[in-house]
Amino acid sequence: MSTSQRIDPTLLEHLLVQHRDLHARLQTLRAAFSDPANRGSADLRAALADLRTILQEHFVQEEAGGFIEESIARIPRLASAARDVMAEHPRLLDELDGLLESLSVLDISPAGWRSARERFNAFADHLLAHERNEHAVVQDGYNEDFGLDD
């Protein structure tokens, strides 16, 4: 592939930084959900709300064009996979919204806490699978391994 068709390293680094931040936030939240002392924590709810805001912004950037759109332009057969990735955005946000709603009560029961922890873990797994699918489309589109899943 010629240099002019390779991904801009500055843009790639921006993408990698965003994804590292998302992964770090997920790890921090997993740890918080595994500690029953955080049951009913306003800090936990705030961290989830921050994650929701960051995800919304991340998805808007993806949908406005960029790596996925460029991948489709380079390899049109990726359009179906790219549409599938984009279609996951509202579902992921809805899943996170439901979790936030379930944690809106200040005095959450132990059973409610266990349920919230399970819902968060399911959400985190869904988001990570989404990111893997997104990485596959981008890497296929540029015919390069960016080390996104390493």
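Bear in mind that the values in this text are calculations on the coordinates, not laboratory data. In this text the structure is predicted, and so the values were computed from the model without any measurement. Note that we place each Cβ from the backbone using ideal geometry, even for glycine, and neighbour counts take in every protein chain shown.
Kirkwood Rh, Cα Rg: Rg to Rh for segment 73-115? In segment 73-115, Rg relative to Rh is 1.34.
Using Cβ counts within 10 Å as a stand-in for footprinting exposure, how do Ser109, Ser71 rank, fewest first?
On the way: Ser109 11, Ser71 24.
Result, fewest neighbours first: Ser109, Ser71.
Enumerate the helices in the chain for which the Kyte-Doolittle hydropathy averages -1.0 or more and the C-alpha atoms extend at least 24 Å along the helix's axis, using complete DSSP H runs. Span-like helices here: 9-33, 42-63, 79-102, 110-142. With only the Cα atoms considered, the chain has a convex hull volume of 99 Å³ per residue.
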